[in-house]
Each structure stands twice: as structure tokens, then as C-alpha cells.
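Read through the structure below, which is laid out as C-alpha cells, and then see the notes.
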């Protein structure tokens, strides 16, 4: 686990008494609480189908809780499959400009190790690692307080996975990260706290 933060930061995500379940399938979350600070990474782990992606949908507003309160700052998304998160018929620059034109400044490009020429290419012309960094560029350009990361390295090879996670760690000075992963080793390396929702609904493991 990375070194504990030395000082408190502002809360970028607060979940209190969350209760949610799909119709006819019982509760996934019951009295679930979570707080996440800027500069902190919380990893959500558990087996497939236990509700990891559901939590991100609840945080983003795509799903509504039965009960409870969810409060957060500005959100940025980094998705599991970088190829499916970009339209194949538009350049990277065209797609980033739609939501975050300021993302393409020299500071952000340098930080993510991207050359400006990459922005004029189409998604199919980039490697998975390059495209995932473009996803980060787009997310950063939205000036988020909170990054929602849904298995952001699962579609990448092992070396690119490590590079991508190191880049995410480097962003922690400005955001909080809520990360979904099935990889417990990655979670232990990355996280300040681990929430295992595969044990029991609403139960947390640190």
C-alpha cells in the first residue's frame, strides 16, 4: 500500500446510508457508507456481478438509490475498454474538444506522455495504452474532483497496465480516485483503502 497521506484533504465523494437493489434480485447495497478525499484512491473489489460497476452508476447518477445520499464534486470517467469509449470515425482531438478543449494544452500532454500529433489520429491508429492515456486526457480536461475508473487497465498488456496505473497515481495530487478492479494485487498496490463488496452487502474491508 502506498504511504498514508500526512494531512486531511477535502471530501470529493460522500455516500451515506446507500440502499439499492435491482427489482426482484434483492439488495446489493444496504446502509452502505463511503467517504473519499482528494488525493486518495479507494478500490472497489469483488467477483463479477457483485455490484462494482453499479456503484459507479449510482455515483454518476445513471442509477437512483432506493434510499441514501450521494454527494460529490465534478466527475471524470476512465472506462474499461479505451476503444469503445471513442467513436471510430472522428479524430481524438475532435472528440476531446466536444467536452474538454482545455485538456489539449501542453501541460496535460506532457504529464501523460502524449505527443500533440497523436490528437489528429483516429482511435484505430493508436495502441491501447495510447488511447487509454487519451481517455485520461479527456477526463482531466473536465477538471474533475473525482475520477471514476472502471477496470481501466483490464484491456491492456501487463507493461502498459503498470504504466497506466503509475500515471493514475501521479494524478492524485489533484483528484480523488474511485477505482473498480478484480485484481487484488493491483488494489493493494494502488489503494489507500480497499472496499470488498463481494463479502456482504454494505460490509467494508480496509
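The values are calculated or read from the model by the stated rules, or taken from the named source; none is laboratory data. The model shown is predicted, which means the values in this text are computed figures rather than measured ones. As a convention, Cβ positions derive from the backbone with ideal geometry for all residues, glycine included, and neighbour counts pool all protein chains shown.
Residue-wise test of (1) in a helix (DSSP H, G or I); (2) in contact (Cβ under 8 Å) with a residue 24 or more places away in the chain.
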| residue | (1), (2) |
| --- | --- |
| 156 | no, yes |
| 162 | yes, no |
| 168 | yes, yes |
| 186 | yes, yes |
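Picking from 15, 44, which residue would you name as being assigned to a strand (DSSP E or B), within 16 Å of the chain's Cα centre (by Cα) and crowded, with 18+ Cβ neighbours inside 10 Å?
44
Could you list, in sequence order, the residues of the stretch 164-181 that are modelled with pLDDT under 85 and buried (at least 16 other Cβ atoms within 10 Å of the Cβ)?
Once the filter is applied, which keeps residues that are modelled with pLDDT under 85 and buried (at least 16 other Cβ atoms within 10 Å of the Cβ), the stretch 164-181 yields 164, 165, 167, 168, 171, 172.
One residue is enough: does the stretch 86-96 have a residue meeting the conditions buried (at least 16 other Cβ atoms within 10 Å of the Cβ), over 28 Å from residue 185 (Cβ atoms) and under 18 Å from the mean Cα position of the chain (by Cα)?
Filtering the stretch 86-96 for residues buried (at least 16 other Cβ atoms within 10 Å of the Cβ) gives 86, 91-93, 95-96.
Restricting the remaining residues to those that are over 28 Å from residue 185 (Cβ atoms) gives 86, 91-93, 95-96.
If we keep only those that are under 18 Å from the mean Cα position of the chain (by Cα) too, we end up with 86, 96.
Yes, some residue in the stretch 86-96 is buried (at least 16 other Cβ atoms within 10 Å of the Cβ), over 28 Å from residue 185 (Cβ atoms) and under 18 Å from the mean Cα position of the chain (by Cα).
Being touching a residue at least 12 places away in the same chain (Cβ under 8 Å) and in a loop (DSSP other than H, G, I, E, B) is the filter; apply it to the stretch 47-63 and report the residue that is nearest to the chain's Cα centre (by Cα).
Only one residue tops the list, namely 51.
Among 21, 68, which is free of Cβ contacts under 8 Å to residues at least 60 places away in the same chain, surrounded by fewer than 17 Cβ atoms within 10 Å (Cβ to Cβ) and more than 18 Å from residue 175 (Cα to Cα)?
21
Going by the structure shown, is residue 106 more than 30 Å from residue 30 (Cβ to Cβ), under 16 Å from the mean Cα position of the chain (by Cα) and surrounded by fewer than 19 Cβ atoms within 10 Å (Cβ to Cβ)?
When the stated conditions are applied, residue 106 does not pass them.
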